[in-house]
Amino acid sequence: MKPKIAIVSASGCRACETTMLDIHYGVSALNRWAEIQFWPFVLGSSMADLERIDHLDVCFFSGAIATGSDRAMAEMLRKKCDRLVAVGACAAYGGMPGLKNLKKPATAEAADRGDLPEELALPEQENRVRALDGVDGIDRVDAVVPGCPAPVNLVWAAVSALVCGGEADARITYAAARLPEEMVRPILSGLGPPPGAVFAGEKAVCATCSRKKEEKRFKAVKRPYQAYESTGRCLLEQGLICQGIATREGCGGLCTGVGVPCRGCYGKPPATFDPGAKMVSAISSTFETEKPAEIQKIADDFVDMTGCFYRYTLPAQCMLMKG
Amino acid sequence: MTMQETTTFEPLKGQDAPCRVRVVPDDGDQRAYLQTTGYLDPADLCIGRAVEELPRILSIRSPAHHLAAARLLDRLFNVEPPDIAKNMRNALGRSLVLCRHLRKLHLLLLDPNDPFPDHRASAKPAGRRAAVAHRRAETVMHALGLAQEAAAILGGRSDHPLTAIAGGVSRFLKDDYYQRLTEIADACLELVLKIEAFFREDLLNEGGPLHHLSEMEIDPVPTATATEGKIVVKDRSGKVVGDFPPEKTPEKISVRREPWSYLPFASLKNGAAGPDTGEKMPGVFLVGPLARMDNEAETETSETRLTPSDACRAMLADLIRTAERMTDLYKKENFVGPAIRTVPEKMGAEAWAALEGPAGLIVLGATVDGKGIVESIRVVDPIQINNGVRCRIAEAAVAEGLAQNRSHTDIKRRLENSLLLF
Ligand code: SF4
Ligand code: SF4
Ligand code: SF4
């Protein structure tokens with residue numbers, strides 16, 4: 001019997017969800033392997049439809065939890081689904097919508113609409129944006145495909161491993177090349193990925209970044225609008241805040257490859273506890289000065305550290321903001 | 001037929017959830033409300049961030065916001081990008097037009113009951129029909145795949161592009177890409193001509209499965225585009241009735257809500273569109289392919305009615321025009337030169353910029369502190385602007401469906417297909 005799957009998006013930009021449509025084109029009919037039972041964006045499926053479904057094998061969930069309906073859908077899918085997969089930085093870590101948590105929860109907006117009949121009231125906004133596993137009652141996700149957006153090759157690797165079983169091994173070769181050995185072996189043997197598998201690498205972005213590292217130190221922090229070399233050298237060594245060292249590998253250094261610093265959309269690598277702390281340590285060991293005044297100047301030139309170091313991970317990473 | 005109790009159409013294919021249309025009985029009549037949430041207020045994400053991060057952050061709203069934000073930075077830092085950077089941004093913009101329109105057309109083609117028919121399984125007429133539908137969807141997706149590849153070459157990524165920065169772009173193109181871009185442009189043009197033909201000849205025509213798009217109508221409204229850095233407003237006949245620079249936006253555009261609207265929508269203030277336009281829906285205006293259409297009738301539209309079918313035809317015309325321009329623009333000589341960026345020397349305190357994105361006019365305004373931290377931001381974009389027209393279209397689709405005694409499913413399908421086009 002074909003596995004029954006659901007594809008949903010909560011609060012995000014929808015790019016991760018539409019990756020599934022791109023896959024469908026890339027591999028022809030996804031329904032050769034799966035029965036798509038619930039997909040609001042494409043099938044117009046409703047919550048009532050979901051209530052009628054007894055059991056689903058896999059759900060690909062993208063977007064963060066920002067409204068009451070996001071939460072209700074996530075809770076129900078966790079109950080009905082064997083494997084809940086967080087697709088993209090929003091679902092996995094809270095993503096960019098999580099930046100909203102830096103602001104005080106607003107209630108004024110709802111009050112402003114008081115003249116509307118009750119049945120037209122705004123859908124309830126959560127007091128905090130959460131990652132999928134930050135919702136009470138969702139203690140785990142079974143797999144994660146990181147990235148903002150999650151790239152087609154890794155989403156396809158996850159679909160092949162979780163939905164297509166042994167039938168599609170050959171197709172994941174490309175993606176598998178970048179996946180850790182411990183994950184690829186069980187997938188290729190047909191047993192499926194280990195619980196909690198992250199469809200990305202295990203090292204940091206620096207490991208696959210094409211930029212040349214010269215072990216040089218920088219003297220001043222640069223902002224990306226200021227002059228820097230457009231090709232060649234490591235951006236951090238030029239004084240640009242690049243988060244490759246505190247970010248899980250899997251994109252191949254996509255941003256740094258086009259001359260733009262990494263902002264951490266794959267989340268932290270397993271060996272890093274806190275990406276912000278890791279960045280502070282990386283920066284302090286890369287700048288070249290011991291004079292207090294110069295150190296102070298460098299510290300002053302950092303702006304918006306929280307919004308930069310936790311750009312995609314604030315809800316998952318900052319414990320005080322989880323509840 | 002009138003509805004006796006509140007009826008909800010939810011969720012709607014191709015719309016961001018939670019989006020619904022609620023039909024509420026109103027004194028023997030009914031009122032249809034299009035309800036969407038604006039949970040991602042750009043201010044929540046942008047205030048407090050370093051201003052140079054705006055192109056990356058705002059791309060959450062649409063990939064074209066990346067380019068609009070880069071233009072905002074050019075203005076904030078008072079720099080003019082070198083020609084090749086302008087060409088690369090422009091070329092990226094073209095690929096994004098294709099990506100956006102083709103995605104919409106693909107959704108329009110997917111049958112709500114069985115979007116992925118397994119046509120191999122059946123040789124019956126229904127199976128054959130499904131095979132044709134499937135082939136059409138594949139043609140659209142083939143063109144989309146190519147447009148996404150061009151966007152990835154030019155922008156580093158198709159969905160959240162990366163390369164537009166203050167004063168230019170972040171890198172030169174690799175040698176291999178010049179030839180590839182030319183191939184993509186040629187292939188896209190061939191495919192979009194095919195796509196336009198089957199939409200026009202088989203789907204939108206009388207008897208075609210999308211003919212219902214011409215059955216619901218609203219009064220036409222003024223349109224606005226970003227043209228040469230200014231915001232240009234035209235009346236329903238295509239005559240220019242006003243223009244203003246983006247920094248005048250607060251004086252010319254307000255955010256309003258009407259009894260029929262639910263969410264606020266952007267609205268032209270008095271005088272921004274001349275004295276006598278849009279009397280029935282004061283202030284409501286429209287942006288996007290319909291607004292961009294040259295009024296010497298690239299496609300036939302009426303001055304007295306506006307239908308989703310017009311919007312669809314305008315989108316198809318826009319697709320062809322964009323693909324044709326791509327074949328001129330995607331040439332090596334447009335992407336080679338001595339510099340890709342002008343490095344800024346000083347930062348201003350406030351800037352405004354307007355860009356014609358795939359879905360229509362995007363206006364951005366921001367103020368920053370001395371360290372370049374965003375203190376305030378104003379975003380006027382198609383999501384907010386077209387809300388006014390979308391609300392009226394939702395009303396028209398429900399009214400037409402009820403007048404024809406259509407089923408809940410049928411009305412929902414008509415709502416979904418028409419809303420997709422604005
Ligand atoms: S992770 Fe990024 S691409 Fe995916 S839904 Fe969130 S904002 Fe969009
Ligand atoms: S710090 Fe950034 S630029 Fe440097 S090697 Fe790591 S990822 Fe590449
Ligand atoms: S370089 Fe960093 S920000 Fe860019 S795609 Fe890779 S992980 Fe994401």
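Span-like helix check, chain A: no full DSSP H segment qualifies, none having both a Cα axial length of 27 Å or more and a mean Kyte-Doolittle of 0.5 or more. Solvent-accessible surface of protein heavy atoms, probed at 1.4 angstrom with all chains present, puts A:E124, A:E294 in the order A:E124, A:E294, largest first. Under the simplified labelling scheme, the B:N78-B:T6 pair shows an inter-label distance of 5.5 nm, with each label point 7 Å from Cα along Cα→Cβ. When nucleic acids and ligands are ignored and a 1.4 Å probe is applied, B:F9 ends up with an accessible area of around 0 Å².
Buried by at least 20 Å² relative to the chain on its own: which residues of the range A:213-250 qualify, computing accessible area with a 1.4 Å probe on protein heavy atoms? The answer is A:R223, A:P224, A:Y225, A:A227, A:Y228, A:S230. Under a model in which nothing but the beta-carbon of Lys, Arg (+1) and Asp, Glu (-1) is charged, the protein assembly as shown shows a dipole of about 1640 debye around its Cα centre. Database remark: amide H of A:V198 closer than 5 angstrom to the amide H of A:V144 (H placed geometrically; neighbours at sequence offset of 5 or more, or on other chains; Pro and chain starts carry no H).
Listed by chain and number, the lysines placed with their C-alpha closer than 18 angstrom to that of A:K203 are A:K212, A:K213, A:K268, A:K278; residues fewer than eight positions away on the same chain are left out. Taking θ as phi - 60° and the Karplus parameters 6.51, -1.76 and 1.60, the scalar couplings of the range B:13-21 work out to 3, x, 10, 6, 6, x, 10, 8, 10 Hz in sequence order, x denoting glycine and proline. Relative to the current alpha-carbon distance between B:E375 and B:N205, full extension at 0.36 nm per residue lengthens the span by 56.1 nm. Annotation: amide H-H contacts under 5 Å for B:I253 (H modelled 1.01 Å from N, sequence separation of 5 or more, or interchain): B:K269.
Could you state how much accessible area A:T18 has, in square angstrom rounded to the nearest 10, with a 1.4 Å probe and all protein chains kept in place? Number for this one is 10 Å². Scalar couplings 3J(HN,Hα) for the range B:261-267, obtained by applying the Karplus form with A = 6.51, B = -1.76, C = 1.60 to θ = phi - 60°, are 9, 6, 7, x, 9, 6, 9 Hz; x denotes Gly and Pro.
Potential lengthening of the chain between A:E124 and A:E290 amounts to 54.6 nm, from the contour at 0.36 nm per residue minus the alpha-carbon distance. If a/c stays under 1.5 just call it rounded; otherwise compare a/b with b/c (prolate if a/b is bigger, oblate if not). Do that for the protein assembly as shown, with a ≥ b ≥ c from the square roots of the Cα gyration tensor eigenvalues. Rounded, because the longest to shortest axis ratio a/c is under 1.5. Taken residue by residue and averaged, Cβ atoms of other chains lying within 10 Å of the Cβ of A:90-102 number 3. Please say if the range B:294-422 is rounded, prolate or oblate, where rounded means a/c under 1.5 for a ≥ b ≥ c the square roots of the C-alpha gyration tensor eigenvalues, and otherwise the choice is prolate for a/b larger than b/c and oblate otherwise? Oblate. How far is it, in nm, from the label point at A:L191 to the one at A:A277 when both lie 7 Å from their Cα along the line to the Cβ? Roughly 3.3 nm, to one decimal. Measuring r between the beta carbons of A:A207 and A:A48 and using R0 = 35 Å, the FRET efficiency lands at 0.15. Does chain B classify as rounded, prolate or oblate by the C-alpha gyration tensor (a ≥ b ≥ c root eigenvalues; a/c under 1.5 gives rounded; else a/b over b/c gives prolate, otherwise oblate)? Oblate. Once the Cβ-Cβ distance of B:D27 and A:H55 is raised to the sixth power relative to R0 = 45 Å, the FRET efficiency obtained is 0.45. Karplus-derived 3J(HN,Hα) values for the range B:98-108, using 6.51 cos²θ - 1.76 cosθ + 1.60 with θ = phi - 60°, are 4, 4, 5, 5, 5, 4, 4, 5, 4, 5, 5 Hz; glycine and proline are entered as x. For B:D219 and B:T367, FRET efficiency with R0 = 51 Å and r from the beta-carbon atoms, rounded to 0.05? E(calc), rounded to 0.05, equals 0.85. Amide H contacts of A:R233: A:K212, each under 5 Å away and 5 or more positions distant or on a separate chain (H built 1.01 Å from N in the peptide plane; Pro and chain starts excluded).
Shielding of peptide B:152-162 by partners, expressed as the average count of other chain Cβ atoms within 10 Å per residue Cβ, is 5. Cα-Cα over 26 Å: which of B:K252/B:K412; B:K230/B:K269; B:K86/B:K346? The answer is B:K252/B:K412.
The values are calculated or read from the model by the stated rules, or taken from the named source; none is laboratory data. All figures in this text were calculated on a predicted structure; none of them were measured in a lab. No Cβ is skipped: glycine too gets one built from the backbone with ideal geometry, and neighbour counts run over all protein chains shown. For accessibility, only protein heavy atoms count, side chains too; no ligands or nucleic acids. Shrake-Rupley method; radii C 1.70, N 1.55, O 1.52, S 1.80 Å.
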